[in-house]
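Novice: Provided herewith is a single structure, encoded as structure tokens, for subsequent inquiry.
Coordinate-derived values only; no laboratory data. The shown structure was predicted, so the numbers you read here are calculated from the model rather than taken from an experiment. Cβ placement follows ideal geometry from the backbone for every residue including glycine, while neighbour counts extend to all protein chains displayed.
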Amino acid sequence: MLEMVIINTYLIISQHLRSDCYTGLGETYDGKHSTTVTGRPCRNWKSKFDFLEDHSYCRNPFGSYGYTRPLCYTSPEPGNYVVEYCDVPKCGV
């Protein structure tokens, strides 16, 4: 019985880790990554765009504008917001 619990827990954890990746342009990515490829923390989407969700996770609401993977707004300097791609792995790679 104990072995089964350990195996089931491992399967749940490994499935979660594999699912925290994006497909296509990342427009449907809804994981919990919140750091850019340069290591900067993501800023809250709603602070920049009122119509977006109130969180700081990586997303790609701009796929139709040429962005090719999950990204976020970050602030390398106070008051200076830039878009950076996030460190989210692509599924199956």
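Novice: Suppose the chain between Val82 and Thr28 were pulled fully straight at 0.36 nm per residue; how much longer would it get relative to their current alpha carbon spacing?
Specialist: Contour length minus the Cα-Cα distance gives 17.3 nm.
Novice: In addition: Could you tell me which of rounded, prolate or oblate describes the stretch 22-93, using a ≥ b ≥ c as the square roots of the eigenvalues of the alpha-carbon gyration tensor, with rounded for a/c under 1.5 and, failing that, prolate when a/b is larger than b/c and oblate otherwise? Walk me through the numbers before you get to the answer.
Specialist: Numbers: a/c = 1.78, a/b = 1.41, b/c = 1.27.
The shape class here is prolate.
Novice: Could you sort the peptides 39-50, 21-32 by per-residue average Cβ neighbour count (10 Å cutoff), highest mean leading?
Specialist: On the way: 39-50: 14.0, 21-32: 16.4.
The densest-packed peptide leads the list: 21-32, 39-50.
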